Every structure is written in structure tokens, then in C-alpha cells.
Amino acid sequence: MDLASVNAALEEASSQEPTLLKQGENALKEFSNQPEYLLSLVEIYGKSTNDRVRLVATIQMKVAFDRYWKVTTDDDRKSIKNIVQERVTSESDGKIVSQISLFCARIIRKEGNGSWPELFHKLVQAMNDQTCASKRNFAALIMKELVKMMKSKRLPRDRKSFRELSSDLWPLGGQLYNSSLSLALKGEEVGINLKSAHYGMKILKAIVLNSSMDPSRCPNVKTLSQSCLTEVPNILKVYNNLLCGIEKDSLDKFLTTHLKIIARISNEYPTAHVEILRELLQFVGDLIVNGKKTYDHVPDKVLVQCMKILKQYSIKASADNPDDDDESVEKVQTRKIIKEFFSEDVLIALVRHVILEFLMISKEDLEQWESDPEEYMNEEKSEVWNYDLRPCSEVLMLSLVHHFSKSLVPVLVNMVSEVQNNFIPKIAENPQIILTVDAVFNAIGLSSYELFESIDFSSWFTSTLHPLLTNLSTDKILKRRICWLCGQWVTVKFSTELRPVLYETMITIMGSEDLVLRLEAAMCIKLAIDDYNFEPPHFENYQESSITSLFKLLRDCEECDTKMRVLYIYTLILKRLRGKTIGNLGQQLTEYLPQLWEHASEHYMLRGAIVCSLLELVLALASSSTTLYNLVLPVCATSIDPHSPAFIYLSDDGLELWLAVIQTAPSSSPDLMQLLKVVPSIINTGSEHLKLLLQVLEGYLVLDFNGFVNFNCTEIMTACDALFDDMGDECLGIVVKFMTSFLINARAHQMTELPQSACCLLRRILSFFNENPGPILKSNMYALFTRVITDYPYIVEPLAKEVGIDLTTFCENWCRDMDQITHHDRRKLSILSLISLCVGNLVDPAKLFVPTVCASLEVLSDLGIRREKLEDNMVFEDTERKELEWKTTPSEPAELWIDIRRRKVQLTNRAYNENLVARVTEFVKMSSEMYNSIDENVRTQLENLLTGKVEGWGTCDKDDLFTVSGGEKFSGDTWS
């Protein structure tokens, strides 16, 4: 490869001229297709004097390395290493050093730890050079990246080599850290030396955590922790004396790294600190309580790390004490020191200081409240406590109260009394007191599960909190905190009689002007409704006002995240009060949702909340939901369209909405049938949505069977057929259940000849018997085959021949597998099918007669018989049949239209209409010779059942026929 051409392309690619830049990028793309490209780039990097060219070359080197290092010859690899190691220690450009360090690390990654000793020698020499701080800093950066890469390799051979290298790297990292830190604290080139010390610290951290089989016993771990603890006060002093912002930021980060290392070791290897633990706990505790008195300023990140250390050891202090015989000396000593430190006085001082100093709303919070209230309420707090001071303070306080409840619960109770008696009466005189009250209330809310036996919240709510909420002069900060406090306690311990008062108060606050207050009140309503002890009758009188207030709040919010949360509360109310009259309350929402749907075109989470709201509206309105079809069906079509970018976000909720629409639809319509167009595409996406989708199709079968067959049946059956190529038993079982439902409905609608696509799918299912399906799938397949034999016998023999199944052998296996068939109706139909095959001479009766009789005895015993009529218990009684025939409209919303249709279909089910006793009686008369060959005990038991001498032990519960789909469960749950 011509180096001059590559160099020219690099010069163009580094140009500030757009035209030349584009030309250079295109040329480099052409060169990158040649294996020699990597070596050419390295040679240019080693020879060129143009820093911009060399920077582009190093970036391209990383890309070329991934493509060509494996095919690069050993000689070329050696040349690449030589060029890099000769040039790398003389670099003067930080950007190039950053890129070349990553390139060197990739070589180590591929070649293995310890594979490039020459580079390490060069770097060690540069790091020991005291004449040039920048050269030492750049070498330290490269060494840090190499160590980082080496410690990430987890194969035993690589870990062993890293442990061997660590003995040489440890003094190097220590010297780099100590010398650079000493120079920085003296004020010599603070920025560069701080970076070098930081790199040294990271090298030491990688070594101590990855170079020992047991870091808790490693001397280096203890040395590093002791060094960190010793240097933190010195660095803090220098930090408070610095005026330069850049250097102060670097020192802040460097200081935090020290405590991060201590925190990580404390968490993973707590006994490693046993020698310095007393000093460590005293230091971090003192820094939290008195840090701002000792120093002018302590960085928040430093305090966060101190709090994390205390939290970790507070957990260790309250852990159950195992027998001392099973514990090491270090563990016993560690627990003893922790318990000595966490004395009652220390705990009280810690908790009071954390609450009164760190739990207060900050000035920044109040400014955000005023400027961006929605962002203030939407702030994510899941993992924020690891980084932010106030959330971390809350976690520490909660941990201390939980693990030392005996000492701290009385403290919190006293703080409540103190606030109530001394602070709240003086709020008018000193508004600043509100922040203290807010902090204490915050602590009481966070600790609700620890305090519920010590604080009578219901009495407190009646005497203090409710009057404050209803008092117009109460500051909004305090009102908002009380709303939040009520939300925390309503799920823990709150009087049932007071819930209506809480509902009314929160709904009133939702009508105020302050958006934060309104949102907090709405969240309190949400927590109260979502509580286990929620009683719908208590909320019925507030349903209309709450939904109206929520709708106004929804319109006043601007952020999509906020609208999504408000919609969720709206949906929750509809769900918890499902079955109660909602009147015209849904009309407001349905008039607004189309506009909101368009507004959220790129915010799929909000669209998902809209779909969930529509789902609950449809289920609440039941058959009246047809008035929503102009909105619901387009939303449903968008949500379930696999070609839409929203499909991945909305598909599950969209399919549930579609299922609800089909279940509640009083009749079919062209618009409903149009939704079936996307079914083959959804099936082709895989098995993720298959169960829910085929439940929807089952709904179509009972809603409009003929319409389904004529509209898109062939394409759907073909797509289901393709699933048998690479799907497991669970998915195929769902397809088999769908096909069974298809045959049941085909018989109910008097279809005499199955569509060709259905026959093809049946053939594919039957052929799967040759693949040794699992017991559950096999049971479902037998159930399907019974429908074919009893309802469409004309295709049985052709199907068996096409898939190469001997029907006699198949039926013998069927009799042996009868115990795997669980449902009573399936077992009865299995016997009816076996008898039909024998009588129709489709199998060899001589081989099948005895197994069929024995299986008949087993099934009849399970079903039980009625003596007076000599029929099995599965046959419909007159009262049951009348109940199915006479009821033509559902009792909504607990009962849906799909329930009525399913029952009508079951009227034609042979399992509930044919008398198995009579069929078996006729069957045994076919051959007295074969019958007499059966064991006498078997014959006696069977004859006793057939003549009514015994009733069997089954009752054939048919309650599943009379279940309803409304309430909390869909009828589709029967597919589980």
C-alpha cells in the first residue's frame, strides 16, 4: 500500500475544509478494505510530524485493529509494536495519547497479559522521569488503560499472569500516587500532578481488587485504605484553600475517588478495614455531623460517599450473629467495633443532624418548583441516592432507623412532638421554620413502616394534619409535604373511617392553582386507591369529582411524562371501580384523547398510557363502548401494526385493548374485521405475542365465524402452519388450542367441509406426533383430534395416510396416554372417538377393543353417572341447558358478550350432549368373545357403572361454562 496516498488521505480527513474532509473520508474507506491498512497507519503515526494527521491515524488504527489484527503476520505485529513503543513515550499531545493508550490496550487484550514487556519498561522509565510532569502524566494514562484492560480479562491464565505482574505494578502505582500528590499539595503544577496521582490511584485500585484470591486478607488492600483515609483530611484542607475553579473541580473528583475506594472495599470486603475501622467510622461520622464546622466547604459527593460507608456498616451491625465458631477473628472484631461505634448518643446525633441539615428542601429545589414544577415532580429517584446528597441522606436515615429502631424510633416520635408543639405555632413569625417542619415530616413519611406502632397517624391526621391542609393560610411547601406524608401512611396504617375525609381533602387540593400541590394530591389519591385495604364504596361518591379534577390536571400539564402519570391514576380509578356507573365521565377523556394521541406521536410511553386508559374505558362501558370505536379502533390498529415503529412499545397493551373490544362487542362490523389484516404479520414476528393474539382470534370465532372464514382465514392458517418449523411445545400448544376452538365453532355453525388451509394446518399438527411432543402438547393434540374424528370423520383416514401414521398403533398409544389428558370433556371425547374408529372399521378392533374398554372404565369412573337416567354427569341437565339457551344478553360489566357466545357454542358440544354410558354399552356388545377375555374385575366394575349399581366418584363440575369475563380477569385467562 502506498504510504504517500494514505498520508494524503489522512491530511484531507484532518482538514477543516468540508470538501477535502469528505474526500479524505472516502479515500480512507477505500484503503480500509486492505489488510495492509493497519501497518500503513502505524508507520504514518510513527513518522509524521503533523499532529492532526497523527490524531486521525490513531483513530483509524483502532478501527483497523478490530478488522485486521487477527490476519496480521507475526513480523508485522512485531513492527507495529516497535513503532508504537518507540513513539508513545515522547508524545506531547493529550488527544493522541488518549487514542494510542486505547490502541495499546487492545493489543494487550488480544495478545494476553504480560505479552508486551518492552512497552511496560518504556512506560516505567517515563513515569520515573521527574523532569517533565506532562510526560510522566501521559505515561501514567497509558499504564492506567493497560492495567484496566488486563484486570478485565477473566480467564484463569490471564488472572494468574495479572497477579504475577501486580507485584511489579504495585510499587510503581504507589510511587506515582505519592510523588504526584505530594507535588500537587505543594502547589506545583497542580492540574497535571493531580491527574497523575489520580491515575496512580486507579492503578492501585485495580491491583488491590483483582490481584488477590482473597482481597479481605491482602496487605495491599489494607495499605491502600489506610493511605486513602490518611490523605483525605490533607486534601480537604488544600481543597478549601484553592481559589481556581478548574483545579478545585479536579481536586473534588480526586478526593471523591479516595472515598469511593474505601466505600467499595467496605461493601465487598468489610473485614479488610478491621485495623482502621474505628478510625474510619469516627472520621466519616464526624465529617457528616461536623464537616461544615471543621472546613469551610465539604463537597457533596464526599458526603455521599461517607453516608454510603456508614449505611454499609449499619447493616453489618444489625445482622444476625452466627456462632463464633463459624466466624473468623476479623469478622468478630469488625462486628464488635461497629457496635461500639453506633452507640445511642452517636445514633441520635447522626439522625437528628441528617434530618435537620440534609433533608431540608434546598434553594435550588424551590427555584425548580417555581420555574419547572413538572420536572420537579418527575425527577427520577431510583438510583439517584448513589450520587445526590439529599436522596442519599434519606437512604442513610432510613437504614439507621430500620437497623437501630429501638434507639431511634423514640427520637423520631419526640421530633414529631417537638415540631407540633414548638415549631408549627411559630411558622407565622418565622417562615423559615417551614423547612425544618418539612424535613421532619419527610423523615416520618420515609420511616412509616418503622413507626406505625409508635405513632397513631389517624389521630395525628385529625388533630393536626387535616386542619393544616384545609387552612388557606398554610404555606404550599407544608401542604405539599403533608399530602406526600398522607400518601406514605395510607398504605401502612390509616383509619378506614377517615379515608373519605382524605379523598375529599385531596380532591379539593387538586383544584388549587399550584401544579406541584395538585400533582402531589393526585399521587396521594393514587396510593390510597392502589392500597390493599381500598374499599370501592368509600370512593364512589368522589368518583365524579376526582375524575373531573384529574382531567383538568391532565390538560394543564405540558410534559408527556406528567400526562402519562396522571393518565395512569385515571386508569387506576376506572379499574378499581369497574362495574360502577361512570355515566358521562368518560366523555371528557374521549374528546381529549385524540388530540393527546397526536401530540404524543414520538412519546410512545404516553401513547401506551392512552391505550391502557382506553382498555379500562372499554371494559367499564362494556357493550356501550361501541360509541368509542371511532377512537379505539384506529388506536388499536396503530398499536398492533408490526410495521409501525410504535409496535415494540404498544403491542402488548394494544393486543389487550383489541381483546377487550372483541369480548365486549355486541355484534360484528366491517371495521372490526379490518383489524384482522395484520394478524399474519404479527404471527410472523415470533412467539412473544402469540398467546394473546390467538385469544383475540378465538373471540372472532365466536363473534363472527363466517366473517372470519371468508375474510382472512387462509393467510392466518398459513402463518400458523409456519410456526411448526422452529417453535417450542408451549407455542405450538397455543396454536393447537386455537385450531380446537376453530373446529368447535365450525360444528356450531354447521360447517360440513373444512377449508383447505384448515386441513393443511391439521395435517401439520398431526404430523408432529412423529416428533415426540411433550405431555401437555400431546394432550392438546389428542383433544384436537377428537374434534376431527367426531365432527369431520371424512378427513381422518386421508390425514393419517398423508402423514404416515398407522391409526391402530396411534390409538393404542392414545389409550396408554389417557392419564395425560386432564380435562373431563377431553377424556370423554377421547373415548367417543376411539369407539367411533372401532365401529367405523378405521382401526383393527381386535387390537383396540380391550384397551378402549379399559380406558372407558377409567373415564366413566372419573366422570360419574346419574343412576336415574343411566347417563354420565357430563351430559347437560335440563336446568343447565335452559340457562344456556334462555340467557341472550350479558349482565355487564361482570359478564361480557363473549361469555354468552361461548355458552351458545357449547350447546353443540358432543361432550355435553352424547351419553357415554349408552355408547360404551353398545360398544361392549360388539364382541362378547373379546369382552370376556378382559379381566373379570374390570368387567365387574364396568358393568356396575353401566347398570347404575355404582355412581363412580366424579361429579363433572361444569362451572367453567358459567364463568364470566369481567372484573379483574379476561376470559382469555382460560388459555393459561
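Here, each number is a calculation from the coordinates, and none is a lab measurement. Computed from a predicted model, the values in this text were never measured in an experiment. Counting neighbours? That spans all protein chains shown, and the Cβs are built from the backbone with ideal geometry, glycine included.
Hydrodynamic estimate: the Kirkwood radius of the range 693-805 over Cα pairs, inserted into Stokes-Einstein at 25 °C and 0.890 mPa s, corresponds to D of 173 µm²/s.
For the range 806-976, the convex hull spanned by the alpha carbon atoms encloses 126 Å³ per residue.
Distance cut-off 26 Å, Cα to Cα: go down the list Lys186/Lys253; Lys29/Lys122; Lys248/Lys293; Lys293/Lys406; Lys78/Lys148; Lys828/Lys882 and report the pairs above it. Beyond 26 Å: Lys29/Lys122; Lys293/Lys406. Computed packing ranks the peptides 504-511, 328-335, 828-835 as 828-835, 504-511, 328-335, most packed first, by mean other Cβ atoms within 10 Å. Quick one: which residues, 5+ away or cross-chain, put their amide H under 5 Å from the amide H of Glu871? H built at 1.01 Å from N. The list, which skips near neighbours in sequence, is Arg866. As a rough guide to protection, the peptides 558-569, 696-707 ranked by mean Cβ packing within 10 Å, highest first, stand as 696-707, 558-569. Per-residue ellipticity at 222 nm from helix content only, as computed over the chain with -39500 (n - 2.57) for each DSSP H run of at least four residues, stands at -22000 deg cm²/dmol.
Listed peptides 69-77, 230-238 appear in the order 230-238, 69-77 once ranked by packing, highest mean of other Cβ atoms within 10 Å at the front. Mind grabbing the base-10 log of I(q)/I(0) for the range 367-469 at q = 0.13 Å⁻¹? Debye formula, identical points on the C-alpha positions, no solvent, two decimal places. Values returned for q = 0.13 Å⁻¹ are -0.59. Holding the Cα-Cα limit at 32 Å, pick out from Lys144/Lys222; Lys580/Lys677; Lys47/Lys260; Lys563/Lys887 the pairs that are longer than that. Too far apart for the 32 Å limit: Lys580/Lys677; Lys47/Lys260; Lys563/Lys887. The per residue volume of the convex hull around the alpha-carbon atoms of the range 522-583 is 79 Å³. For a straight C-alpha distance cut-off of 17 angstrom, the lysines reachable from Lys426 (same-chain residues fewer than eight places away being disregarded) are Lys476, Lys479. Taking all Cα pairs closer than 8 Å and separated by 6 or more residues, the relative contact order of the chain comes to 5 percent. Across the range 646-763, C-alpha contacts under 8 Å between residues 6 or more apart give a mean separation that, scaled by the residue count, equals a relative contact order of 30 percent.
At an R0 of 35 angstrom, the distance between the Cβ atoms of Glu535 and Glu364 translates into a FRET efficiency of 0.25. The separation of the range 583-641 from the range 87-123, counted between C-alpha centres, amounts to 59 Å. The angle between the Cα long axis of helix 190-210 and the main principal axis of the chain comes to about 50°, on a 0 to 90 degree scale.
With R₀ set to 41 Å, the beta-carbon distance separating Asp388 from Arg154 gives a calculated FRET efficiency near 0.80. The Cα-based radius of gyration and maximum Cα-Cα distance (Dmax) for the chain are 38.3, 112 Å.
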